[in-house]
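The values are calculated or read from the model by the stated rules, or taken from the named source; none is laboratory data. Predicted model, so just to flag it, every value in this text is computed and none were measured. All Cβ positions, glycine included, derive from the backbone under ideal geometry; neighbour counts span all protein chains shown. Areas reflect the complete protein model, heavy atoms only, side chains present, ligands, DNA and RNA absent. Shrake-Rupley method; radii C 1.70, N 1.55, O 1.52, S 1.80 Å.
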Amino acid sequence: ATGPPAIAPADAPTGGTLPAPQPAPSAGGGLFQTSLALLFVIALMLGLAWLTKRYAPKSFGAGNSNVKLVGALSVGARERILVVEVGEQWIVVGASPGRMNALATMPRQESSEPAVPATLPAANFAAWFKQTIEKRNGQ
């Protein structure tokens, strides 16, 4: 007499060898890569902010604005002299990191150079870039 067939449990291996357990990924390596990626993104954001501040146009096409920057001259590492047009008057301003002082006031002058309309650099980037490079090189 034969007995009922033997039923193999579902968990039991059906033969062969078990796969070797995989080593757990190192938490230190993942943390290091994540930290480097975060530092890179922060540095990229700071660099873009610096570039935007350094090379941004003086006005963003405000068109009918009453206040316009006529000219600027760097007189030190962080000191500048600015000529600002307010209505029909020019104000000469001394600017340093901690303060701004009005140095002189005069009636609006007619410039010998043709006025350049204030436009966004995207409108004519090549001309704006050339003008910026020429200013930097003192030409």
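Does region 67-107 come out rounded, prolate or oblate, given a ≥ b ≥ c as the square roots of the eigenvalues of its C-alpha gyration tensor, rounded meaning a/c under 1.5 and, failing that, prolate meaning a/b above b/c? Walk me through the numbers on the way to the answer.
Details: a/c = 2.40, a/b = 1.97, b/c = 1.22.
Cα axes put region 67-107 in the prolate bin.
Carbon and sulfur: what percent of region 67-107's accessible surface (1.4 Å probe)? The nonpolar share, carbon plus sulfur, comes to 59 percent.
Calculated accessible area for region 67-107 comes out at 69 Å² per residue, all protein chains present (probe 1.4 Å; ligands, DNA, RNA ignored). A Förster radius of 35 Å, combined with the Cβ-Cβ distance separating residue 131 from residue 45, puts the computed FRET efficiency at roughly 0.80.
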